[in-house]
């Protein structure tokens, strides 16, 4: 007679067989095998860690702690904006700590130099064994900025505000004062909408008009920066230019080339005849209104004789203005 085994009975026999197979001896050997794998892995990690530590210590000894790679020289290009001590101060380099060249983050140093208002651009490089090469492009000043209502009344001194050829304002560095002290002053009105901020472009529309007149004067006479004292916008249609001799000349917002030639011709004629022009309105093309001082004032900087007419047309215009001066 064929025996039939129920499912419950077969499961019980399988469980007994599994328990018998998973004996303590077999489990112990399994544990030892697993422990061996973990030990080999730990040894490998320890070996790699030791190699990494050795490499790091070797790098520290060969580069960071090597006295040959200490910062020894800052090679800075000649410029009128910043010197070597200024570079260390701006970059936060502590020279007393005798830093390694590899401790210095050249990208960070470069960014700090570029953030200075008087610096237009900069590059910084390591040159082994111990030289930090720094090249800066300083801002080139075009004029002084005066805005008494905004606290910018002091000019022609270190720290006073200059504007460069891109219209960016920046405080005058002490090293640049000698070259900038003869530049004209542009007087601006205070404006909450367009403040004058160091390191930022000035957005005063008055500044644009004044700079156009300054450019026209420089194009007509390379020495114009020496005889122009100040420029400001009078109203919506005119500008006032004051010379170093105190002559107040009124200009329109355009047609500056013609008006500059008339001014130079009038000043030349006055210098030849011994007159001292107080005011001159250059807006009319003909019959230019001129007033004279009763007592000629002593020149403050550049003699009028240095201001020469550019061509024969200027000489002819000077003779015409001379007749007008004689009638006054």
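The values are calculated or read from the model by the stated rules, or taken from the named source; none is laboratory data. Not measured: the values here are computed from a predicted model. All Cβ positions, glycine included, derive from the backbone under ideal geometry; neighbour counts span all protein chains shown.
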key: residue 134 being free of Cβ contacts under 8 Å to residues at least 40 places away in the same chain, assigned by TED's automatic domain parsing to the domain that holds residue 110 and crowded, with 16+ Cβ neighbours inside 10 Å   = no
query = So residue 242 clears everything in (1) buried (at least 22 other Cβ atoms within 10 Å of the Cβ); (2) closer than 20 Å to residue 142 by Cβ except one condition, right? Which one?
reply = (1)
ask   = When only residues in the stretch 187-214 that are touching a helix residue (DSSP H, G or I) at 6+ places or on another chain (Cβ under 8 Å) and under 19 Å from residue 257 (Cα atoms) count, which is surrounded by the most Cβ atoms within 10 Å (Cβ to Cβ)?
value = 213
inquiry  = Can you tell me which of (1) surrounded by fewer than 20 Cβ atoms within 10 Å (Cβ to Cβ); (2) at pLDDT 90 or above; (3) out of contact with any helix residue (DSSP H, G or I) (no Cβ under 8 Å at 6 or more places or on another chain) is the one residue 263 doesn't meet?
reply    = (1)
request  = Answer yes or no: is there a residue in the stretch 231-242 that is touching a helix residue (DSSP H, G or I) at 6+ places or on another chain (Cβ under 9 Å) and without any contact (Cβ under 8 Å) to a residue 12 or more places away in the chain.
outcome  = no
task = Take the residues in the stretch 93-110 that are free of Cβ contacts under 8 Å to residues at least 24 places away in the same chain and not in a helix (DSSP H, G or I), then tell me which one is nearest to residue 121 (Cα to Cα).
result = 105
Identity of the residue in the stretch 117-131, touching a helix residue (DSSP H, G or I) at 6+ places or on another chain (Cβ under 7 Å) and touching a residue at least 60 places away in the same chain (Cβ under 8 Å), that ends up farthest from residue 78 (Cα to Cα) = 129
